[in-house]
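Each remark here refers to the structure printed beneath this line.
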Amino acid sequence: MLIKVNGEARSVEPDRLSAVLDVLGYGEAIVATALNGEFVPAEARAETRLREGDRLEILAPMQGG
């Protein structure tokens, strides 16, 4: 299915948010996620389904000073 990840079109196979994060290389990383503009808590990712055309935003904390 084709979705947008951080504004970029990506083709992904899984339809669960947790599996999509694994495929995209975020696995166990600490990130915040939003699907179609709505925050998705980490504990809800395994049950959250994605559909064709969805917009996924993935935000990771930045380090530095």
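Of note:
- Long-range HN-HN contacts of Thr48 with modeled amide H, under 5 Å: Leu17, Ser18
- Other residues lying with their Cβ under 12 Å from the Cβ of Ile3 contribute a combined charge of -1, Lys and Arg counting +1, Asp and Glu -1.
- Carbon-plus-sulfur accessible fraction, region 1-41 (probe radius 1.4 Å, protein heavy atoms only): 51%.
- In the chain, the sites counted are GluC sites (Glu not before Pro) in DSSP loop states with at most 16 other Cβ atoms within 10 Å, and the longest stretch holding none of them, exclusive of the sites, is 1-27.
- A 1.4 Å probe run over the chain, with the rest of the protein chains in place, finds 69 Å² accessible per residue.
- Placing unit charges on the Cβ atoms only, positive for Lys and Arg and negative for Asp and Glu, gives the chain a dipole magnitude near 120 debye about its Cα centre.
- Cut-off 11 Å between beta-carbons: net charge of the residues surrounding Arg16, Lys and Arg +1, Asp and Glu -1: -2
The values are calculated or read from the model by the stated rules, or taken from the named source; none is laboratory data. On a predicted model such as this, the values are computed, not experimentally measured, just so you know. Note that we place each Cβ from the backbone using ideal geometry, even for glycine, and neighbour counts take in every protein chain shown. In case anyone asks, the SASA skips ligands and DNA or RNA and just uses the protein heavy atoms, side chains included. Shrake-Rupley method; radii C 1.70, N 1.55, O 1.52, S 1.80 Å.
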